[in-house]
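Q: First the structure, then my questions, so here it is.
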Amino acid sequence: MFAKVVLSSLVVTLVCAEYTISDQCLDCICQACTQCDTSFNCTKEHCGPFLISYDYWVDSKRPVLLHDVPENEGAFQACVTDMPCAAETIENYVRKYDNDCNGDGVVDCIDYAYAHRMGPSGCHMTPPDNLYFRSIKKCIKKIEAQENFTYKNIQLRF
């Protein structure tokens, strides 16, 4: 599970954020993208277990590993194939494009997952019926059932 892999690093990375994506939500996104395959490197356009593109990383303020700089060759690939750095990339992205993608009045995990896959303007469209979105919905329902709450009860602090 994602939470077990990066929990301690993620707390250090994201503790200063106004809000954070829960480990459970990140795990759902990761599972939907590559079944959270941490050995997944790069395709032609996307890298890492979250399938992050170069443009997405740039939109996310180009986070990097400790002692690296965004201008270094390979900084993008190094970051998005590292779980804590990839999580920071997603956090920065959803903070920048804070969208209620499904129009339910709450920004929550499903909105993060939509924006992650469909981009800031595309997230308001009806998501396609594909493996990614079916996996996201199934994962969120499973977490809600296990923890007896809904992501709609988790609101962002501004």
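Readers should treat all values here as calculations from the given coordinates under stated rules, not as data from a laboratory. These numbers come from a predicted model, not from an experiment. Neighbour counts run over all protein chains shown; Cβ positions are idealised from the backbone, glycine included.
Q: Could you state the number of Å between the C-alpha centres of the range 23-37 and the range 97-137?
A: About 14 Å separates the Cα centre of the range 97-137 from the one of the range 23-37.
Q: Tally Lys/Arg at +1 and Asp/Glu at -1 over every other residue whose Cβ is under 13 Å from the Cβ of residue 51; what's the total?
A: Values: positive: 44, 117; negative: 37, 45, 55.
Result for the neighbourhood of residue 51: -1.
Q: Taking K and R as +1 and D and E as -1, what net charge do the other residues with C-beta under 13 Å from the C-beta of residue 93 add up to? All intermediate terms of the calculation are to be shown ahead of the outcome.
A: On the way: positive: 61, 62, 95, 96, 117; negative: 55, 59, 88, 91, 98, 111.
Overall, the nearby charge balance is -1.
Q: At most 15 other Cβ atoms within 10 Å and a DSSP loop assignment: could you name the trypsin sites (Lys or Arg not before Pro) in the range 31-122 that fit? Kindly include the intermediate steps, with their values, before the conclusion.
A: Numbers: sites: 44, 61, 95, 96, 117; in loops: 44, 61.
Those satisfying the criteria are 44, 61.
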